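These notes concern the structure reproduced below.
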Amino acid sequence: MSEVAEAAEAVKEPKEPLFSKKNKKLLTDPLNDDNPITIQVLGICSALAITVQVKQAFVMALSVLVVMIGANLIVSWMRNLIPSRVRIIVQLVIVAALVILVDQVLKAFVYDVSKQLSVFVGLIITNCIIMGRLEAFALGNKAWPSFLDAIGNAAGYGWILIAVAVVRELFGSGKLWGYQVVPDAFYEFGYFNNGLMILPPMALITVGIIIWIQRAKNTKLIEEH
Amino acid sequence: MSNAIHNFLEKNVKPNFDAGGKLEKYYPAYDALETFLFVPGHTTSGKGSHIRDGIDMKRTMIMVVLAMVPALLFGIWNTGYQHFLALGETSTFMDNVLYGALKVLPIVVVSYGAGLAVEFTFAIINKHQVNEGFLVSGMLIPLCLPVEIPLWMVAAATIFAVIIGKEVFGGTGMNILNVALTARAFLFFAYPTWMSGDKVWIGGGTDQAVQYADGSTGATLLAQATEKSSGFINAAGAQYGDTFWDAFMGFIPGSIGETSTFAILIGAAILLITGIGSWKIMLSGVLGAYVMGLLFNMWGANEFMMVPAHYHLVFGGFAFGIVFMATDPVTASQTATGKYIYGFLIGFLGIMIRVFNPAYPEGIMLAILFMNVMAPLIDHYVIQANVKRRNKRLQTVAA
């Protein structure tokens with residue numbers, strides 16, 4: 001008996017520091033080099049749908065962050081209990097439960113934003129980024145790295161969402177966070193808000209321009225021909 | 001004289017831009033301007049079975065610009081004519097032309113200025129030569145816009161269209177969508193109040209103080225038709241005399257260059273004689289529109305559907321789109337069979353959108369953009385069908 005325990009002790013890896021180089025990469029990679037939206041092209045639907053206003057985008061990013069942390073932690077803790085044949089449905093149940101929680105909280109505290117986000121809060125369940133991280137990371141890693149991975153990916157998703165929303169709200173409505181920032185003098189001078197910015201195609205084009213800038217700056221991402 | 005200028009350029013100016021010169025970085029800009037003035041020394045040789053003609057791209061583009069000149073000149077005159085007509089004042093030919101020139105030429109200048117600035121910037125960054133494609137786009141953009149469009153909007157749309165519509169795909173020859181129509185679509189969706197209604201089509205119409213004379217509505221014929229007021233042809237006829245004839249000659253409000261089907265036909269003749277525009281696309285486009293018009297006549301569910309099919313050919317931007325935009329060699333189908341399908345569907349869909357959707361009276365723009373996207377697909381199937389047919393023939397011969 002004690003031999004087995006000793007053997008287990010011997011196999012155990014030396015304790016990793018909480019923010020080792022590897023763990024830090026989990027946090028920072030999704031922000032740029034491995035961004036879920038601009039590099040992996042996941043979660044595009046919500047990036048197109050709820051980036052008309054910064055406030056919506058921010059609430060959405062926060063919701064995804066909460067769901068993702070919860071789901072990654074729970075799946076990571078349960079990873080040795082989940083039979084691999086039914087793992088997708090188990091993941092779905094976990095994510096769905098968390099999304100319902102988030103939805104109730106939004107309805108209770110920020111009802112107007114919840115109304116505007118409407119079906120898209122529910123659709124977090126089908127957000128490819130969350131399923132992707134659960135499948136690719138949480139199922140095979142311990143809780144702490146999974147937690148960091150969740151924060152990193154949700155932040156990578158969130159900053160793109162907010163960047164797109166800033167562009168669209170600024171040019172589409174002349175506002176940021178609901179407050180007018182384009183001075184009245186501009187409008188008197190003949191400036192008009194760009195109606196195309198409000199429409200979903202412009203979100204796609206904005207994401208495209210962000211990808212363009214990112215690849216121009218980050219030469220690692222340019223594929224070889 | 002021109003030889004002297006050429007020698008001066010070659011001896012004193014060009015060395016600065018050549019490799020090793022002070023201004024080497026700006027060689028593309030120099031090259032673009034020089035070939036404007038002189039035939040370059042590096043045209044394609046006439047050898048090779050697929051080369052029919054050694055004409056270089058700049059001459060091709062200039063021919064298209066020349067073909068648009070009748071429409072431009074008529075547009076300038078008509079701008080003045082509509083302005084004084086709406087005010088109920090009498091005007092001479094020169095009044096019309098002067099007023100129109102003051103209104104139209106700034107739009108042309110802004111369009112060229114903004115577009116060429118983007119082209120030159122990209123050429124210098126990417127170290128390639130300035131492509132000539134924008135010569136045509138820069139003229140198409142003003143011709144398909146309402147005369148009252150603010151100049152900064154023209155600049156914004158042009159920059160958007162050249163960068164997003166063309167440069168991101170790799171510049172002239174690589175674009176999927178027609179650049180000029182991208183600019184127009186941008187304006188149409190971004191600033192709808194400046195692209196429709198009854199104020200923007202007539203010079204000075206957006207001025208609050210302007211009062212239209214009796215009988216003049218300021219709306220385009222298409223806009224009037226979509227309102228579906230009964231007997232619209234007759235009502236329009238009261239304003240214009242003979243509606244069909246006026247619409248054919250272009251004495252009606254509309255985008256600057258598209259009102260006169262007659263002027264556009266002169267341009268079409270130039271394109272066809274020089275072999276630059278595809279007659280297959282033009283012919284099948286007109287056929288497609290006519291067939292759709294006849295189908296609507298048979299259906300006849302509302303006033304607009306009852307409009308005789310041949311009226312559709314002279315209303316709105318149909319003629320302009322089919323002659324100058326659908327035939328854009330970059331965005332159209334490349335195969336011969338594909339051209340027939342492509343042109344037919346542009347006419348067919350254009351009239352369908354025009355009649356079905358009152359919000360988009362200018363269906364031709366959307367139809368051409370849609371078919372631009374579909375053109376590679378059409379080509380793919382045409383080529384696959386050809387491969388299949390020849391394989392079959394090979395097998396029969398072998399058997």
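The values are calculated or read from the model by the stated rules, or taken from the named source; none is laboratory data. Everything quoted here is computed from the prediction, not taken from an experiment. Glycine also receives a Cβ, built like all others from the backbone with ideal geometry; neighbour counts cover every protein chain displayed. For the accessible areas, the whole protein counts, side chains as well, though only heavy atoms, and no ligand, DNA or RNA atoms are used. Shrake-Rupley method; radii C 1.70, N 1.55, O 1.52, S 1.80 Å.
Which residues of the stretch A:156-202 show a drop of at least 30 Å² in accessible area when all protein chains are present, compared with their chain alone (probe radius 1.4 Å, heavy atoms only, ligands and nucleic acids excluded)?
A:192, A:194, A:196
Lys/Arg Cβ at +1, Asp/Glu Cβ at -1, dipole of the protein assembly as shown taken about the Cα centre: which of B:70, A:153, A:51 is farthest positive-ward?
With unit charges placed on the Cβ atoms, the residue in question is A:153.
Based on DSSP loop calls and a cut-off of at most 15 other Cβ atoms within 10 Å, the longest stretch of chain A free of exposed GluC sites (Glu not before Pro) is what?
A:1-222
Considering only protein heavy atoms, what is the solvent-accessible area of residue A:161 at a probe of 1.4 Å, reported in Å² to the nearest 10?
For residue A:161, the solvent-accessible surface is approximately 0 Å².
Roughly how big is the B-A contact, given as buried accessible area in Å² (both sides, 1.4 Å probe, nearest 100)? All intermediate terms of the calculation are to be shown ahead of the outcome.
Numbers: alone 18940 and 13300 Å², together 31310 Å².
Summing both chains' loss of accessible area gives about 900 Å².
For q = 0.16 Å⁻¹, what log10 I(q)/I(0) does the stretch A:46-215 give under the Debye formula with an equal point scatterer on each alpha carbon and no solvent?
-0.93
Of all accessible surface on the protein assembly as shown at a 1.4 Å probe, what whole percent is carbon and sulfur?
Carbon and sulfur: 67 percent of the exposed surface of the protein assembly as shown.
Please list, in chain and number order, the residues 5+ apart from residue A:176 or on another chain whose amide H is under 5 Å from its amide H, with Hs placed from the backbone.
A:181
What is the diffusion coefficient of the protein assembly as shown in µm²/s, taking the Kirkwood radius over Cα pairs and the Stokes-Einstein relation at 37 °C with a viscosity of 0.692 mPa s?
For these conditions, the coefficient is 115 µm²/s.
Quick check for you: with a 1.4 Å probe and neighbouring chains kept, what is the accessible area per residue of the stretch A:46-215, in Å²?
Accessible area per residue, the stretch A:46-215: 48 Å².
Of B:303, B:24, which has the most accessible area with a 1.4 Å probe, and how do the rest follow in descending order?
Values: B:303 60, B:24 95 Å².
Most to least solvent-accessible, the answer reads B:24, B:303.
Is it possible to state the helix-based mean residue ellipticity at 222 nm for chain A, with each DSSP H run of 4+ residues giving -39500 (n - 2.57), the sum divided by total residues, to the nearest 500 deg cm²/dmol? What is it?
One gets -20500 deg cm²/dmol as the mean residue ellipticity at 222 nm.
Stretch residue B:193-residue B:385 to full length: gain in nm at 0.36 nm per residue minus the Cα-Cα span?
Once the chain is fully extended between residue B:193 and residue B:385, it gains 64.5 nm.
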